[in-house]
Amino acid sequence: MVVPIYYYLILSAILFCIGVAAFLIKRNIITVFMSIELMLNAVNLSFVAFANHWHQVSGQIFVFFVMVVAAAEAAVGLAIIIALFRARSTLNVDAVDLMKL
Amino acid sequence: MHLVLFFIFGGLCVAGALNLLLQRHPINSALSLIVVMSSLAVLYLLLGAEFLAAAQVIVYSGAVMVLFTFVIMLLNAGLEERTRGSKAAYIVGFPGAAALFALLAYMFLQNSGPLGGARLGDYLVTTADLSRVLFRDLLLPFEVTSLLILVAILGAVALARREH
């Protein structure tokens, strides 16, 4: 049985758009950060789907590097969130508006 | 079989992502994100990426999400409150995301013919294939990532440390 590649790509587009919506709507900084991870995962799925289509390893290599960078980014980002919570004692993104005009 | 598995785990992915969007407590969002990542690992297996499926489970649903739940519990995050800024985000966010999805879906459906299909077990990238490229052709980028992770560890420790 054959599953068309565009099924995978549309699933990836659905996940990416839910991630974008969550990024814009959520007010908790940790949830905003999690929606970024969701978008990264959606893009990884389309990389793997294209790797399957072209029968190339490079798509999967890209996913590997994205995973490495995402892990590093998660560690630094969560450290920033902890530092922010110490300074402002809030997790609401609307309360962190020091650079707003 | 392939189609059935795709729809089961694709449906789980979408349900988990929607639950992340709809839940108001961060710990519920984090747990639904784990569902999304684990089902994505199954989809990777269906696409013949066995190493990435294992790495997805270990790195994403294991390490990264444990870090997230740890920080949520450390900071004792409660329900998110509704504030002024969220109204504009509601007005722009949903139509914007829907428009983006419509654009992407139109593009993929337009090219659905040349894209072809994936057959189960037709194309399998083993760990040996992957490591042959990674450790021979891309050795320098691979080593640079280790430096990146070292810098990230140092940065995380420096940022999260309590100042005296």
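Restricting attention to the stretch B:1-43, report how many residues are more than 12 Å from the chain's Cα centre (by Cα) and hydroxyl-bearing (Ser, Thr, Tyr). Number satisfying all stated conditions: 1.
Only one entry in B:Val36, B:Val66, B:Val59 is more than 24 Å from A:Ile10 (Cα to Cα) and crowded, with 16+ Cβ neighbours inside 10 Å, namely B:Val59.
Give the stretch B:37-58 a look and list any residue that's part of a helix (DSSP H, G or I) and at the interface with chain A (Cβ under 8 Å from one of its Cβ atoms), or say none. Those that are part of a helix (DSSP H, G or I) and at the interface with chain A (Cβ under 8 Å from one of its Cβ atoms): B:Met37, B:Leu40, B:Leu43, B:Tyr44, B:Leu46, B:Phe51, B:Leu52, B:Ala55, B:Gln56.
Looking across the stretch B:5-29 at every residue that is part of a helix (DSSP H, G or I) and of a type in the set (S, T, N, Q), the one that is surrounded by the most Cβ atoms within 10 Å (Cβ to Cβ) is identified as B:Ser29.
Taking the stretch B:91-164 and the helices (runs of 4 or more DSSP H) fully enclosed by it, the elements with 3 or more residues that are more than 7 Å from chain A (Cβ to nearest Cβ) are at B:127-132, B:139-160. Scanning the stretch B:1-57 for residues that are among the β-branched types (Val, Ile, Thr) and closer than 24 Å to A:Val69 by Cα gives B:Ile27, B:Ile34, B:Val35, B:Val36, B:Val42, B:Val57.
Residues B:Leu147, B:Leu115: which one is on the phi < 0 side of the Ramachandran plot, modelled with pLDDT of 90 or more and of a type in the set (A, V, I, L, M, F, W, C)?
Values: B:Leu115 fails: modelled with pLDDT of 90 or more.
Of the residues listed, the single one that is on the phi < 0 side of the Ramachandran plot, modelled with pLDDT of 90 or more and of a type in the set (A, V, I, L, M, F, W, C) is B:Leu147.
If only one of B:Ala98, B:Ala89, B:Ala102 is modelled with pLDDT under 90 and not assigned by TED's automatic domain parsing to the domain that holds B:Ala49, which one is it? The conditions single out B:Ala89.
Within the stretch A:74-101, the residues that satisfy the criterion of being within 18 Å of the chain's Cα centre (by Cα) and facing chain B (nearest Cβ under 8 Å) are A:Ala74, A:Ala75, A:Val76, A:Leu78, A:Ala79, A:Ile80, A:Ile81, A:Val93. Condition first: more than 9 Å from chain B (Cβ to nearest Cβ), of a type in the set (Gly, Ala, Ser) and either over 25 Å from B:Asp129 (Cβ atoms) or touching a residue at least 24 places away in the same chain (Cβ under 8 Å) (or both). Can you find one or more residues in the stretch A:43-64 that meet it? Taking every residue of the stretch A:43-64 in turn, at least one turns out to be more than 9 Å from chain B (Cβ to nearest Cβ), of a type in the set (Gly, Ala, Ser) and either over 25 Å from B:Asp129 (Cβ atoms) or touching a residue at least 24 places away in the same chain (Cβ under 8 Å) (or both). Among the residues making up the stretch A:11-23, a single one is within 16 Å of B:Leu46 (Cα to Cα) and facing chain B (nearest Cβ under 7 Å): A:Leu11. Selection of the stretch B:88-98 for residues being over 22 Å from the mean Cα position of the chain (by Cα) and either closer than 15 Å to A:Gly19 by Cα or acidic (Asp, Glu) (or both) yields B:Ala89, B:Tyr90, B:Val92, B:Pro95.
The values are calculated or read from the model by the stated rules, or taken from the named source; none is laboratory data. All values derive from a computational prediction rather than experimental measurement. Methodologically, a virtual Cβ is constructed for each residue, glycine included, from the backbone with ideal geometry; neighbour enumeration extends over all protein chains shown.
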